Amino acid sequence: MSKLKLITPVDGSVYAERDCASLDAAQAAFAAARAAQKEWVKRPVAERVQITQAFNAALLTMKDDMVPELAWQMGRPVRYGGEFGGVKERSDYMGSIAESALAPIVVEESAAFRRFIRRDPLGVVMVIAPWNYPYLTSVNTIMPALMAGNAVVLKHATQTFLVGERFEMAAAKSGLPKNLFTNLFLDHGTTEALLASGAADFVNFTGSVGGGKAIERACAGTFTGIGLELGGKDPAYVCEDADLHRAVETLVDGAMYNSGQCCCGIERIYVAEHLFDAFVEQAAALTSQYVLGNPLDPETTLGPMAQARFADLVRGQTSEAMAAGAKALIDPKRFPADKVGTPYLMPQILVNVDHSMRVMREESFGPVVGVMKVKNDGEAIQLMNDSDYGLTASVWTRDVARANAIGEQIETGTVFMNRCDYLDPALCWTGCKDTGRGGALSVIGFQNLTRPKSFHLRT
C-alpha cells in the first residue's frame, strides 16, 4: 500500500502521513456515493441547501485549529487567519440562488401542453483540489454540487491533504447523509484508473496545465464532464489617470499575498509612461516592508512557498531575467531568511523586463512581478494578450467606459477595474486559453453541475 507524505515548508519535516486507498476501496467508495446520491436527489432543493449550509457551518467551527494547520501544511502566515470569510461568502451566495438557478425553465403551461426543461444533477462529482487555497477552491464545487443534488468525492493535494479530513469531520457533524461526501487519499495511478473507468460523472480539477492534460487523457472516451482551472499569468494595466497610491497598494498585495501562490495573483504589470517612475518607486518601498519568516510567527507577513522546488523555479526565472538585463529593485539584505534550496523566498520587483524573458511569459506562482512601461492602451492590450493564459486582468483607471472598452479586447476570464485577486461568487469563475475551460460559481456554476432534461407533455 502506497503512502502520502506531507512535507511541511516550515522546517522540511514530515508533518503527516496517510495510507492511499486501493483501487478496489476507491471504487467501493464511488459506488456508495452513487447510492447515496439517488436518495439525496429526492429531497427538495431548499432542504438540500439547508443541510449543505450546516455542513459548511460545521467546517467553519474548526477555523481556530485550521489556521495554524494551514501554516504547517502550505506556509501561509497565521496573521491572515485562513480563507474562511470567502468560504462562507461563496457557500452563502450559492445557497441564496440555488432554488432560482435550479428551477425548471417553463416554456408552455396550457390546456394542451406542458413543456419545460429541468436541471438534473450529474450524479457523482469528483473534486481534485489544489494546495494554494485548499478550502476556497474546494468549496467552489463541493457546496453547489451538493445543493444541486450530486454526491461529492474529494481528492485533495498531498501538500494539504488534512483539509480533506476537515471536510470529512464537518460532514459527519452536520447531518449530511452518509456517503454523500467522501474524502479519499489517492495516488496518481489510482486516480487515473478511476477516471478511466468512468467512476465520476464530472471532474473538477484545479492545478497545473500538465495536470489538466493528464486529467483529459485519463477521462478520454468516457464522456465524463471536466472543469479545468489551470492557473494564469495575470496582468495589470495602470492607466495615466489611475489612482496611483491605490493601484500600488492593491497590486503589490495582489502580487505578493500568499507568497504569490494565487491562481489570479498579479504576475506582470504594465504602467503608463508618465506614472512609471512613481509607481515602481512606491511599489519597491512597499514591497521592502514585508517580513519573511516562520508563518506561525504573528509578525510574519510573507511565509515560505509550499515547496523548495517552487521557490527555486522563481529564483531561476529571476536570475535569468537579470542576466538578460532586468533590474531587481528589492535589496536581498532586507530578507536574510531567503536561502537557496529552501522554500523561503524574498519578494522581488523587476524592471527593464520584456516578453523574451520567462518571468514575463511563464507562470511564476511566486512573489516576483515584472513591471513594464507602455505608451498607450493599444500597446498595453497587445502585451496583456501576449500570453498562453487567460484567467483575470486588472485595469486601473477612473473612466468606467475606458475600462470596459479595454476589457472587451483582453483575452481573459474576468476583467477587474481598480481591484484584483478576488473571486466574486455572483460572477462565473472561468478562463480561456491554457487556463482551462468550464466555470464555477454563479448561476453558470449550477448549470455546469447539472444537465438539462426536457419534458414535452401533451395533456
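Rounded to the nearest 10 degrees, the inclination of helix 84-102 to the longest alpha-carbon principal axis of the chain is 40 degrees.
Remark: the Ser319-Lys339 segment gains 5.8 nm on full extension, using 0.36 nm per residue and subtracting the alpha carbon distance. Averaging the sequence gap over all C-alpha pairs within less than 8 Å and six or more residues apart, then dividing by the number of residues, gives the stretch 139-265 a relative contact order of 17 percent. Projecting the Cα atoms of Pro367, Val49, Ala393 onto the dipole axis of the chain, where Lys and Arg carry +1 and Asp and Glu carry -1 at the beta carbon, places Val49 farthest toward the positive end.
Relative to the longest principal axis of the C-alpha atoms of the chain, give the angle of the C-alpha long axis of helix 161-174, reported between 0 and 90° and rounded to the nearest 10°. Approximately 40 degrees, to the nearest ten. Proximity of backbone amide H atoms, modeled 1.01 Å from N, is registered between Phe335 and no other residue at under 5 Å, excluding neighbours fewer than 5 places apart on the same chain.
According to the Cα-based calculation, Rg over Rh for the chain is 0.99, with Rh computed by the Kirkwood formula. For the stretch 113-123, 3J(HN,Hα) computed residue by residue from phi via the Karplus equation (6.51, -1.76, 1.60; θ = phi - 60°) reads 9, 10, 10, 7, 10, 9, 9, 9, x, 6, x Hz, glycine and proline entered as x. Each Cα pair under 8 Å and six or more residues apart adds its separation to the average, and for the stretch 234-424 the resulting relative contact order is 29 percent. Could you list, in their original order, any pairs among Lys88/Lys178; Lys3/Lys155; Lys63/Lys213; Lys42/Lys453; Lys5/Lys155 whose Cα atoms are separated by more than 26 Å? Result: Lys63/Lys213 exceed 26 Å. Taken about its Cα centre, the chain carries a charge dipole of roughly 1520 debye when the Cβ of each Lys and Arg holds +1 and the Cβ of each Asp and Glu holds -1. Near Phe365, no amide H atom lies under 5 Å from its own; only residues 5 or more places off or on other chains count, and H is placed 1.01 Å from N.
For the stretch 234-424, a crude dipole built from +1 on the beta carbon of Lys and Arg and -1 on the beta carbon of Asp and Glu, taken about the Cα centre, is about 520 debye to the nearest 20. Short-range pairs are left out: with C-alpha atoms under 8 Å and at least six residues apart, the relative contact order of the chain is 19 percent. In this structure, Thr61 and Ser356 have a Cβ-Cβ separation that, at R0 = 56 Å, corresponds to a calculated FRET efficiency of about 0.65. In this structure, the amide hydrogen of Asn352, modeled 1.01 Å from its nitrogen in the peptide plane, lies closer than 5 angstrom to those of Lys327, counting only residues at least 5 positions away or on a different chain.
Here, each number is a calculation from the coordinates, and none is a lab measurement. All figures in this text were calculated on a predicted structure; none of them were measured in a lab. Methodologically, a virtual Cβ is constructed for each residue, glycine included, from the backbone with ideal geometry; neighbour enumeration extends over all protein chains shown.
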